[in-house]
Amino acid sequence: MSTITKATAISAAERDAAYTGARSDIVDMVPASAGKILDVGCSNGATGRALKALNLTRSVCGIEYDAEFARHAARDLDFVVHGDLNVLDWQSSLGERRFDCIIFADVLEHIVSPQRCLQQAKGFLLPGGTVVVSLPNIRHVSALRSIFLQGNFPQRDRGIFDRTHLRWFTMRDGKEMLTMSGFKVSATSQVLRWGDVGGGRMNKLLNRLPHALTELAPIREFFTYQFCLRAELIA
């Protein structure tokens, strides 16, 4: 099994699984009219493939930091840039390409200046363009339990406390970041969880609660594990 331990190998596999599946919540947030899409942090291209499957005339491009994921994504997407968002020259990388929708799915928390990245993205949106942003919610009950009750800030291989995170957001923070970057938030969605682990009967029941209940502040703020925002570029 090489020099890594079995526990480490399982953790790496679980982490890859968490970041390589198609994101149905992201797909649902992308406007049906969007024909040209850029998936920033496209991983292995799974979400892009799902978007193309819904509309075979769509063009989906990607930007990906991990070289192996970028190679996989390039097999199915129309164009893929392998690069680091912290230093990426968008103009030389994307040229004259412009997009109806730019996706940042669990990306902005990993970079030094999320707002600067959004500002760069604005120049590559077509008139009426949108961004779709997904972020983990640091206000989730699992974070409150770890920080305020147990007194520690964990470092993990995935989730809210992914050790590669450089920034942390509440839902309000995410909306304010988009507003300050020149966007107007028009839609939100959220993934609810009881704890840090997804799946299971209790999480399914939580996500089946009536909309009126999920919009109650205690549930919306403390049981949202991950939230997704769609925002339009302000002319």
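From the backbone phi of segment 66-81, what are the Karplus-calculated ³J(HN,Hα) couplings (6.51 cos²θ - 1.76 cosθ + 1.60, θ = phi - 60°) in whole Hz, Gly and Pro given as x?
7, 4, 5, 4, 4, 5, 5, 5, 5, 5, 10, 8, 6, 6, 10, 9
List, in order, the whole-Hz ³J(HN,Hα) value for each residue of segment 48-57 obtained from phi through the Karplus relation with A = 6.51, B = -1.76, C = 1.60 and θ = phi - 60°; use x for Gly and Pro.
x, 4, 5, 5, 5, 5, 6, 8, 5, 8
What percent does the relative contact order of segment 41-108 come to when contacts are Cα pairs within less than 8 Å and at least six residues apart?
Values: 83 pairs, mean separation 21.2, N = 68.
Computed over segment 41-108, the figure is 31 percent.
For a protection proxy built on the mean count of beta-carbon atoms within 10 angstrom, sort 47-55, 156-164 highest first, please.
Working: 47-55: 18.6, 156-164: 16.4.
Going from most to least packed, we get 47-55, 156-164.
Expressed as a rounded percentage, what relative contact order does the chain have, with Cα pairs under 8 Å and six or more residues apart?
Here the relative contact order equals 19 percent.
Can you give the three extents of the C-alpha atoms in segment 45-171 along their principal axes, from longest to shortest, in whole Å?
51, 27, 25
Pairs of lysine in the chain with Cα under 22 Å and at least 8 positions apart or on different chains: total?
The result is 6.
Could you run the Karplus curve 6.51 cos²θ - 1.76 cosθ + 1.60 with θ = phi - 60° over segment 160-175 and give me ³J(HN,Hα) per residue in whole Hz, x for Gly and Pro?
Values per residue, Gly and Pro as x: 4, 9, 3, 5, 8, 6, 10, 9, 10, 9, 9, 4, 5, 4, x, 5 Hz.
How high is the relative contact order of segment 122-219, given as a whole-number percent (alpha carbon pairs under 8 Å, six or more residues apart)?
Relative contact order here is 22 percent.
Check Arg156: other-chain or 5+ apart residues with amide H under 5 Å from its amide H, H built from backbone geometry?
Sorted by chain and number, the residues that satisfy this are Asp162, Arg163.
Which of the GluC sites (Glu not before Pro) across segment 57-117 are loop residues per DSSP, with 15 or fewer other Cβ within 10 Å?
Glu96
Could you let me know the centre-to-centre spacing of segment 182-204 and segment 36-58, using Cα atoms, in angstrom?
After rounding, the separation between the Cα centres reads 21 Å.
Per 0.36 nm of contour for each residue apart, how much would the distance between Ala53 and Ala22 grow if the chain were fully extended, relative to their Cα-Cα spacing? Spell out each step's value before the answer.
On the way: separation 31, 0.36 × 31 = 11.16 nm, distance 1.16 nm.
In short, 10.0 nm is gained.
Give me the one-decimal nm value for the distance between modelled label points at Lys122 and Val87, 7 Å along each residue's Cα-to-Cβ direction.
It works out to 2.6 nm between the two label points.
Starting from 0.36 nm per residue, how many nanometres of slack lie between Asp78 and Ile219 once their C-alpha separation is accounted for?
So the chain would gain 46.8 nm between Asp78 and Ile219.
For Val107, list long-range residues whose amide hydrogen, built 1.01 Å from N in the peptide plane, is under 5 Å from its own amide hydrogen.
Ser134
Which net charge results when you count Lys and Arg as +1 and Asp and Glu as -1 among the other residues whose beta-carbon is under 9 Å from that of Gly128?
Residues near Gly128 contribute -2 overall.
As a test of the definition: which semi-axes, in Å, follow for the chain when you take the square root of five times each eigenvalue of its alpha carbon gyration tensor? Largest first, please.
28, 23, 17
Would you please give the residues with an amide H less than 5 Å from that of Gly83, counting only those at least 5 places away or on a separate chain, with H modeled from the backbone geometry?
Those lying under 5 Å, H to H, from Gly83 are Glu64, Tyr65.
Just to confirm a number: summing +1 for Lys and Arg and -1 for Asp and Glu over residues other than Val141 whose beta-carbon lies under 15 angstrom from that of Val141, what do you get? Could the numbers behind the result be given before it?
Details: positive: Arg139, Arg145, Arg193, Arg220; negative: Asp196, Glu221.
Summing Lys and Arg as +1 and Asp and Glu as -1 gives +2.
Only the coordinates and a few stated rules stand behind these numbers; no lab work does. Computed from a prediction, not measured in an experiment: that's the story for all the values here. Note that each Cβ is placed from the backbone with ideal geometry, even for glycine, and that neighbours are counted across all protein chains shown.
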